[in-house]
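Reading through the structure tokens given below for one structure.
The values are calculated or read from the model by the stated rules, or taken from the named source; none is laboratory data. For clarity, every value in this text was computed on a predicted model and none was experimentally measured. Cβ atoms come from the backbone with ideal geometry, glycine included; neighbour counts cover every protein chain shown. These area figures cover heavy atoms from the full protein model, side chains too; ligands, DNA and RNA do not enter into them. Shrake-Rupley method; radii C 1.70, N 1.55, O 1.52, S 1.80 Å.
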Amino acid sequence: MASTSAPHPLHQIAESTTHRLLLKQWLKEQDLISRRISLKESRIDSVRREITFLYCFFFILHSFSLLILFASSSHEHNSVGCKRSWVPSVTSILCSLSILWALRYKGDTEASLEKLLEREKEDGLMLAKCVDELKRKGLEFDLMKEVDALRRAKSLRVETKVASGTKKWSARDFATMVMLLVSFVVLGLVRFVLCN
């Protein structure tokens, strides 16, 4: 009794040059996508470390400047310190604004990298589904129909993302406002300590 079962789908793919070529190409693309994902994740981690450094530097800078001002205010006459209070005030505001600008820039960089990472992950998932379907169906996998469906899915995803691009307040915006408030409080303290 001879068995008349159909060959396994992977065996069918191995015999068909077009299906085998498509599978190889998709496996290479999956590898590239996973490499890009790991690269973007490491870049996001690096940007987050830089953001943390900037937050720490901001508070350390203002802490040291206030400590120096409190220490120097007891040694100088109030009129001399008050006349020169514009120097630490301007320095404090300029440093604060430059740090806040750097934080906003790094925050925007982080947000754009997160969007790119999300897109790469979606591409990887979509491609993995196609590879699994190709391995499962074998020669029954319709090259024209399935590849065209993959392209359509990618284009629909891009159109959906463009339509929902409204900007909302985030935690980064709140942190920026708090830091700006802290900068002005420090400015007020500088004037108060040196002039009273």
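Per-structure values
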{"quantity": "Candidate set: the stretch 123-143, residues that are of a type in the set (D, E, K, R) and farther than 22 Å from L32 by Cβ; chosen: the one surrounded by the most Cβ atoms within 10 Å (Cβ to Cβ)", "calculated": "K137"}
{"quantity": "Pairs with Cβ under 8 Å, 6+ apart, first in the stretch 27-46 and closer than 20 Å to G107 by Cβ and of a type in the set (K, R), second open to solvent by 60 Å² or more (accessible area, probe 1.4 Å) and modelled with pLDDT under 95", "calculated": "K40/L116"}
{"quantity": "Residue, surrounded by the fewest Cβ atoms within 10 Å (Cβ to Cβ), within the stretch 98-121, restricted to residues that are of a type in the set (S, T, N, Q) and under 12 Å from the mean Cα position of the chain (by Cα)", "calculated": "S112"}
{"quantity": "Filter result for S63 (at pLDDT 90 or above, open to solvent by 50 Å² or more (accessible area, probe 1.4 Å), on the phi < 0 side of the Ramachandran plot and in a helix (DSSP H, G or I))", "calculated": "no"}
